[in-house]
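The next block holds one structure in the form of structure tokens; read it before the comments.
The values are calculated or read from the model by the stated rules, or taken from the named source; none is laboratory data. Here the structure is a predicted model, which means the values were calculated and not measured. Neighbour counts run over all protein chains shown; Cβ positions are idealised from the backbone, glycine included. These accessible areas exclude ligands, DNA and RNA; they are computed on the full protein's heavy atoms, side chains included. Shrake-Rupley method; radii C 1.70, N 1.55, O 1.52, S 1.80 Å.
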Amino acid sequence: MNPLKTTTAARSGAFRKAMGMSRLRTVFAAVLALAVVVLGLTSVPAAAQTRAERPTKLVFTILSAEGQASSGPMWQPLLDDLERAVGIPVEPIFGSNYSVLVEAMSADQAQIGWFSALPAVQAIDRAGAEVIARTVDIEGKDSYTSSLIVKKGSGITLADVERCGKRYDFGIGDAQSTSGTLAPMTYFFSPRNITPSACFATVRSASHQANSFAVANGLVDVATSNSVNTVFLRRENPAIADQIEVIWQSPPIPESGILIRGDLPADVKAKIRQFFVTYGQGYGPDVEQQRAVMTKLNYSQFRAADNSYLDPIREMKADQARREGRPPEVAPPSRKDQITRWGPFALIGVLVLLAIGLNVLPKRAPAPSDPAVVPAPPKKSMAAWSLDILLWGGFAIILLAAVGHVGLPNIGNLFSSPEKMQKYGQAFLSPDFSQWRMLVGQMWLTVQIALWGTFLAVFIAIPLSLMASRNLSPAWLVWPVRRVMDLLRSVPDLVVATLFIVAVGLGPLAGVLAIALNTAGVLAKLFSEAVESIDKGPIEGVKATGAGGLHEIAWGVIPQVAPLWTSFALYRFESNSRAATVLGLIGAGGIGQTLFESLQAFEYSKVSTIAIIIVVAVTLIDMLSQAMRKRLL
């Protein structure tokens, strides 16, 4: 028998067996996709029903710009007291993005929330929440004011602002901020027929804290703020507070409130309401301890209230709608009205089935290879096997240990209530292209931020990479340079961008500098690894001519690594085009800022349009970079 023929036949059999297994996997995937379609077609929405069972846990959301590290110790004693009073475990969740917290309550992932006024209205409309109490500060006020601030000693008066003339740079809050945008527009700009974009030289959106720092540092002439932020700055950063002057204040705005889901059992709602309206009131040792907790929160009590206390916010929203020439906002339709039998799940399932169908069409099987000699695979030593077991076993142990921490046991929730995902999927599948020109312009600005950030990063990374290469630099220089590279890579872009916003003001420049530093750390590491793998022959040849160190790098190193360096830089430019969208969330400009504002306003159709524009832009950048890389080969 011919050994070569036998080997070929065996290989052909193994190939057919592998193809059969591939077909089985494809059939299994098709069955799963079909199940998804059936789920989407047969999921009949049910009307919202009152919760009958007693919840096993109460999730308390806290809208806090400072986050859990700062706010957690202040809120935790109150939540511990609430847990004892209600008899149900209470778990806090802190967040600075109120739209996420509102949606969490809408999806029954949270049952209680502390919201400022405008998010409270959104929670009532979108999550069926109910107000049970409103906060009262330590001075006995249950409201606060919006304000316009300028740098102390600047000489800018309210009359100067009213005259406009595009002389000043203006810092406004995000589009959904009550005191940062809504109140100033309703009570100051609108009565005077002033449009900020036509009145000021530049208008940039950011948080109250960022605007305050920009005014204090002379980067913005006029900005919006509020009385709460003034108190916070006076307490936490008096040096900044001393440089700020208030030139206008709005009428009182309702303070924050405590909201609960409307479908909680009546007895649970009664206990929660009773706890808040009596907390820190009366006399006794427990009351004194409760008052101490309230003092840390800058409150004196939680005063009983209902949804009507937010009527002034609704009036401001109606005034905004009139200014913008659109109908007043109304509560979104119920889930029963929103969800149709042909839901996004079914559509996604159909697309998956189509993709699988294209892959199971008959294909010409490639001929199996027919080499005369098949080399035997190398055998591993016991030491190598033990290291593999240690590495992969340790990886598996860490992976399993993290299951509970990352919440994987709750993954079944994805399929327990498909109507929740259908509710939002319907809006995302209905993009609104009415403002596509403006959005494309914002995306173009984002691409420019990424382009300049990457360009500057390359010039920073080149000297760092040469100094960090072990085959070019001494050990005493390599180690500290590599630690600098680690630092540049480790600090998140948002942190660096925030620092630059304080230094250079709101706008794209802060985003460019943040991307440049972070990307420089990444590229320097990649560049140095490329340098360490070069052929030493060209360097020795240049050295033999008597050339100096710079000539060795210019003629012996750069020609070898230039194509790889360029490829790395192009890849980072692609990723930076996506990263730059995130920097827009903190006022660094670009489409990210519009995306954030749309999410805050629950304008999911506009969010869908932005996502489509981002995908198209990144795809075009990828095609361009591929063409450029081919030219380097």
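Testing Leu82 on (1) at pLDDT 85 or above; (2) open to solvent by 70 Å² or more (accessible area, probe 1.4 Å); (3) closer than 22 Å to Phe302 by Cβ; (4) not aromatic (Phe, Trp, Tyr), one condition comes back false. Which one is that? The one condition Leu82 does not meet is (2). Among residues of the range 255-280 being among the β-branched types (Val, Ile, Thr) and part of a helix (DSSP H, G or I), the one that is farthest from the chain's Cα centre (by Cα) is Thr278. Of all residues in the range 219-228, those satisfying the criterion of being open to solvent by 20 Å² or more (accessible area, probe 1.4 Å) and closer than 30 Å to Tyr309 by Cα are Ser227, Val228. Within the range 155-174, being within 33 Å of the chain's Cα centre (by Cα), under 19 Å from Ala216 (Cα atoms) and open to solvent by 30 Å² or more (accessible area, probe 1.4 Å) holds for Tyr168, Asp169. Within the range 189-202, does at least one residue satisfy the condition of being of a type in the set (Ser, Thr, Tyr), closer than 22 Å to Arg323 by Cα, under 29 Å from the mean Cα position of the chain (by Cα) and at pLDDT 90 or above? No: the range 189-202 contains no residue that is of a type in the set (Ser, Thr, Tyr), closer than 22 Å to Arg323 by Cα, under 29 Å from the mean Cα position of the chain (by Cα) and at pLDDT 90 or above.
Taken together, the residues in the range 441-495 that are open to solvent by less than 50 Å² (accessible area, probe 1.4 Å) and out of contact with any Phe, Trp or Tyr (no Cβ under 7 Å at 6 or more places or on another chain) amount to 22. Of everything listed in (1) over 28 Å from the mean Cα position of the chain (by Cα); (2) surrounded by fewer than 20 Cβ atoms within 10 Å (Cβ to Cβ), the single unmet condition for Arg134 is (2). Being open to solvent by 30 Å² or more (accessible area, probe 1.4 Å), more than 29 Å from the chain's Cα centre (by Cα) and farther than 17 Å from Thr181 by Cα is a property that does not hold for Arg126.
Considering only the range 183-218, how many residues are open to solvent by 10 Å² or more (accessible area, probe 1.4 Å) and among the aromatic types (Phe, Trp, Tyr)? So the answer is 2. Of everything in the range 448-484 that is in a loop (DSSP other than H, G, I, E, B) and without any contact (Cβ under 8 Å) to a residue 60 or more places away in the chain, the residue that is nearest to Gly592 (Cα to Cα) is Ser473. Scanning the range 169-193 for residues that are out of contact with any helix residue (DSSP H, G or I) (no Cβ under 7 Å at 6 or more places or on another chain) and not small (Gly, Ala, Ser) gives Asp169, Thr181, Pro184, Tyr187, Phe188, Pro191, Asn193.
Residues in the range 232-254 include none that are open to solvent by less than 40 Å² (accessible area, probe 1.4 Å), aromatic (Phe, Trp, Tyr) and part of a loop (DSSP other than H, G, I, E, B).
Taken together, Ala120, Ala110 contain a single residue that is at pLDDT below 90, buried (at least 18 other Cβ atoms within 10 Å of the Cβ) and part of a loop (DSSP other than H, G, I, E, B), which is Ala110.
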